[in-house]
Each structure stands twice: as structure tokens, then as C-alpha cells.
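J.: So that we are looking at the same thing, I have put the structure below in C-alpha cells.
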Amino acid sequence: MKIFVLVKEVPDTYGDRKLNLETGLADRGAGDVVLDEITERALEVALSYADKNAGTEVVALSMAPEASTASIRRSLAIGARSAVHVADEQLVGADLGLTAQVLAAAIRRAEPDLVITGNLSTDGSGGMLPAMLAEHLGFASATALSAVEIAEDAVSGTRAADDGAQQVTTSLPAVISITEALPDARFPNFKGIMAAKKKPLEVLSLADLGVSADPGAAPQTIMTTVSEKPPRAAGVKITDEGDAGAQLVEFLAQNRLV
């Protein structure tokens, strides 16, 4: 079985995050960058299956700037057999639509049986990419799984619902996304770090994938303006003189909270 796992480099959750007010994009040079924890958990799901099933090939896939090689190498150190790095200057600021199109093209050329992703990244938090990928690929989709069981021809799992939990099963090929309920990834040891230096890491451009970043080729989100978050305004103090309830209702109504 061949399993592709989407991994992503993101600004460190515990570091400073800044927005470039000229481009509207996250300023990745403002602090440290790391491999997103949720994508490491997705990688652990694939590797746990590979540990028990000889012949399983786990491939890490990332669309990231050229400077992100170290983060992608980390996925190899954790245990992925190989990696694919899509890097192209035309992808700077790519929206979800273009991102899904590019990643689907990279996945399609390798014909995997299963694609595993996190449910949402810690930087963009879009949460739509897994379903968009499945649509592009024509694969079945099972999202937001809190437990996963992979078989030779199917994948099943548990999804949290308002009234309990749902059991979902689909045949392969499929795209699944997992939540933080899944276990943490294993920590790369010295042997894994050294082995990662020799593992295959293929770098692809848009031309290699036959995808165009021209907005005219496919609809894309266009940012028209960007500004810093305004400072927090002072709160409203209500003095109870017998009409506090009415004042509170009026405040909630004015701020469209009821």
C-alpha cells in the first residue's frame, strides 16, 4: 500500500506571529517555523500501519517555500520513506483552491491508495483542504476522524458528533483527515535523523505538475485590503438601578449577540 501524508511548515505556535501589511501574508521571517503538530500526528497514523504491514510505502508531501527543506526532512527522520516538496515562487500566497489543485496534481502522479491529512492547520485553519483534495482526485472522503483503522482495501474511523460518535467506513482510494485525538508522533532518533539525509526528496515546480497559477486559469481568492487588528476597546459598565437587565439586553442587541 502507498500512503501519502500531507505535512506543513507553520509558524511556531509559541512564538510571535506577525502579518505583513503590504502582502497580507504571514511574516514567516518574524519567528521560528516548525512542522505542524497535526500533520505529525497524521504521519504517525501512516507509520503505525506501516510498522505492522511490510511493503507499505509512506510518502510525505508538502507545498512550501524552498527554504522549508529542513522541516520536510524532519518527516523523513520521523519515518517516512520518501518526500515530495512542491516549491515554486508563483505559489506564494496561494489560496485554498490553488493549493488543493497543486497538491492533487502531485498526488495523482503517484497514484497512492490513501491520503492522510490533519483536519486543519494551525496557521490558516481553513479546514476545507481534505474535502477539496478528495473532490479533485475523485477519491472517497472521511473527515475529522478521532480514531482510524486501515485495512488492505478500506479505511474506517470514528467522528465526533453532537449526539455522540459516528462510525464511518469507506473503500480505498480515499482521503481522510484526523484530529488531535490521535496520538502524538514518535520523536526522531539519531538513526532516523542520519537516515533522513539519504532518503529521496523530490522537488517539483508548477511546470512539473502542469498546473498554472494564473488567476485567469482558475478562480482564485484575491485580497483587496489588509490592516492590523484594532486595539481592544474599553468595556461597558452597567450599574444596576433596577434596569440592569434591560440595559444588558439592549447592549447584546446592539452588538448583534442575540
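J.: Since GLU89 meets every condition but one in (1) surrounded by 18 or more Cβ atoms within 10 Å (Cβ to Cβ); (2) more than 18 Å from VAL10 (Cβ to Cβ), which condition does it not meet?
T.: Failing condition for GLU89: (1).
J.: In region 68-94, which residues are among the hydrophobic types (A, V, I, L, M, F, W, C), within 15 Å of LEU201 (Cβ to Cβ) and touching a strand residue (DSSP E or B) at 6+ places or on another chain (Cβ under 9 Å)? Before the answer, list the steps.
T.: First pass over region 68-94, keeping only residues among the hydrophobic types (A, V, I, L, M, F, W, C): 70, 72, 76-78, 80, 83-84, 86-87, 91-92, 94.
With within 15 Å of LEU201 (Cβ to Cβ) added as a condition, the list becomes 70, 72, 76-78, 80, 83-84, 86-87.
Residues satisfying the conditions are ALA70, ILE72, LEU76, ILE78, ALA80, ALA83, VAL84, VAL86, ALA87.
J.: Something else now. Checking PHE251 against (1) assigned to a loop (DSSP other than H, G, I, E, B); (2) farther than 30 Å from ARG108 by Cα; (3) of a type outside the set (S, T, N, Q); (4) modelled with pLDDT of 85 or more, which test does it fail?
T.: Failing condition for PHE251: (1).
J.: For region 140-241, which fully contained strands (runs of 3 or more DSSP E) count at least 1 residues that are touching a residue at least 40 places away in the same chain (Cβ under 8 Å) and in contact with a Ser or Thr (Cβ under 8 Å, 6 or more places away or on another chain)? Full working, then the answer.
T.: Numbers: elements: 140-150, 154-161, 164-171, 174-178, 201-204.
Filter on region 140-241 gives 140-150, 154-161, 174-178, 201-204.
J.: Could I ask something else about it? Being within 23 Å of SER82 (Cα to Cα), surrounded by 15 or more Cβ atoms within 10 Å (Cβ to Cβ) and in contact with a Lys or Arg (Cβ under 9 Å, 6 or more places away or on another chain), is that true of even one residue in region 138-161?
T.: So far as region 138-161 goes, no, none of its residues is within 23 Å of SER82 (Cα to Cα), surrounded by 15 or more Cβ atoms within 10 Å (Cβ to Cβ) and in contact with a Lys or Arg (Cβ under 9 Å, 6 or more places away or on another chain).
J.: A further question follows. Could you list, in sequence order, all residues of region 2-30 that are in contact with a Lys or Arg (Cβ under 8 Å, 6 or more places away or on another chain) and either in a loop (DSSP other than H, G, I, E, B) or modelled with pLDDT of 75 or more (or both)? It would help to see each step written out before you state the result.
T.: Step one: list which residues in region 2-30 are in contact with a Lys or Arg (Cβ under 8 Å, 6 or more places away or on another chain), which gives 11, 26-27, 30.
Of everything in region 2-30, those that are in contact with a Lys or Arg (Cβ under 8 Å, 6 or more places away or on another chain) and either in a loop (DSSP other than H, G, I, E, B) or modelled with pLDDT of 75 or more (or both) turn out to be PRO11, ASP27.
J.: Name the residue that is modelled with the lowest pLDDT, counting only residues in region 166-224 that are surrounded by 11 or more Cβ atoms within 10 Å (Cβ to Cβ) and basic (Lys, Arg).
T.: Of everything passing the filter in region 166-224, ARG186 is modelled with the lowest pLDDT.
J.: Give the residue that is surrounded by the fewest Cβ atoms within 10 Å (Cβ to Cβ), with candidates limited to residues of region 49-80 that are without any contact (Cβ under 8 Å) to a residue 12 or more places away in the chain and in a helix (DSSP H, G or I). Even if it seems obvious, please write down each step before you answer.
T.: Going residue by residue through region 49-80, those that are without any contact (Cβ under 8 Å) to a residue 12 or more places away in the chain are 51-52, 54, 67, 70.
Those still in the list that are in a helix (DSSP H, G or I) too: 51-52, 67, 70.
Details: ASP51: 11, LYS52: 8, ALA67: 12, ALA70: 10.
Checked region 49-80; the qualifying residue surrounded by the fewest Cβ atoms within 10 Å (Cβ to Cβ) is LYS52.
The values are calculated or read from the model by the stated rules, or taken from the named source; none is laboratory data. Computed from a predicted structure; not experimentally measured. Glycine gets a Cβ as well: all are built from the backbone with ideal geometry, and neighbour counts include every protein chain shown.
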